[in-house]
1. Counting only residues 5 or more places away or on other chains, whose amide H sits under 5 Å from the amide H of residue 79 once H atoms are built in the peptide plane?
2. Residues with amide H under 5 Å of residue 138's amide H, sequence separation 5 or more or different chain, H placed in the peptide plane at 1.01 Å from N; which?
3. If you plug each phi of the range 116-132 into the Karplus form 6.51 cos²θ - 1.76 cosθ + 1.60 with θ = phi - 60°, what whole-Hz ³J(HN,Hα) values come out, in order, with x for Gly and Pro?
4. Residue-wise, which Karplus ³J(HN,Hα) couplings in Hz belong to the range 38-53, taking 6.51 cos²θ - 1.76 cosθ + 1.60, θ = phi - 60°, and x for glycine or proline?
5. Suppose every K and R has +1 on its Cβ and every D and E has -1 on its Cβ; what is the size of the dipole of the range 103-150 about the Cα centre, in Debye to the nearest 20?
6. Which GluC sites (Glu not before Pro) from the range 1-80 combine a DSSP loop assignment with at most 11 other Cβ atoms within 10 Å?
7. Name the shape class, rounded, prolate or oblate, that the alpha-carbon gyration tensor gives for the range 1-65, where a ≥ b ≥ c are the square roots of its eigenvalues, rounded holds for a/c under 1.5, and otherwise prolate holds if a/b is larger than b/c and oblate otherwise.
8. Quote the FRET efficiency, to the nearest 0.05, computed for residue 193 versus residue 17 with a Förster distance R0 of 30 Å and r equal to the Cβ-Cβ distance.
Amino acid sequence: MEFANVVRRRRMVRDYDPDRPVPTEVRERLLEHAIRAPSAGFSQGWAFLVLETAEERARFWQATTGEGPPDPWLTRMSRAPLLIVPLSNKSAYLDRYAEPDKGWTDRDEARWPVPYWDIDAGMASLLMLLTAVDEGLGACFFGIPPERIEAFRATFGVPAEFRPVGCLSVGYPGDGDRRSPSLQRGRRPVEEVVHRGNW
Ligand SMILES: Cc1cc2nc3c(=O)[nH]c(=O)nc-3n(C[C@H](O)[C@H](O)[C@H](O)COP(=O)(O)O)c2cc1C
């Protein structure tokens, strides 16, 4: 697919065909593209937890959502045959930037203009979202509630220094998809958000 079309067609998909698994080669392409993302100091302090079997996915939803019957969002999202959790590791960046070519040996977080560890995991996530479109699949990036992160870590044995920046659901779109009500806000036009030469 033309790159411009991939970008234009990308949208979050929130319902999936549960009977169509993600082909193995597509799953691997998502992950191979994820690691092509740029990273500060080439730190690559990311990790990706891949959950594919029904049991693995059920454990994810159990750990990250509340008790009681699933709401319509969860009902549709939990049909996704593949979940990929991108995680960031701040300490990998502090270590990398303490190396001689960077020299931030004090590991002072005040040096960081923004959390590059999360940015890099986000960049990898966007590459996976775009790759899904290029492969004719749908995907959605969504958040894991902060109060659920410990349960998520415990469920999957994730080391304490890794923090999920969100999760991607991936699969062939289902026919009950609902666009986000947030889209009613409308896309802010270029001229409203771009400041040329001066603010
Ligand atoms: C950081 C981030 C967090 C998001 N969290 C959620 C979420 O928790 N649940 C959800 O359904 N969509 C989530 N979204 C998707 C947005 O709602 C969506 O990107 C936005 O409404 C624009 O729609 P589009 O991506 O389909 O163009 C998230 C997107 C981003 C970038």
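The values are calculated or read from the model by the stated rules, or taken from the named source; none is laboratory data. All figures in this text were calculated on a predicted structure; none of them were measured in a lab. Note that we place each Cβ from the backbone using ideal geometry, even for glycine, and neighbour counts take in every protein chain shown. Accessible surface is based on the protein model in full, side chains and every heavy atom, while ligands, DNA and RNA are left aside. Shrake-Rupley method; radii C 1.70, N 1.55, O 1.52, S 1.80 Å.
1. Under 5 Å from the amide H of residue 79: 16.
2. Amide H neighbours of residue 138, under 5 Å, 5+ apart: 171, 172.
3. After applying 6.51 cos²θ - 1.76 cosθ + 1.60, I find 4, 4, 6, 4, 5, 5, x, 5, 4, 5, 5, 4, 5, 4, 5, 5, 4 Hz.
4. With the stated coefficients, the range 38-53 comes to x, 8, 4, x, 6, 5, 6, x, 10, 8, 9, 9, 9, 10, 10, 6 Hz.
5. The calculated dipole for the range 103-150 is roughly 40 debye.
6. Passing both the DSSP loop test and the Cβ count: 2, 67.
7. oblate
8. Working from the Cβ atoms, E equals 0.25.
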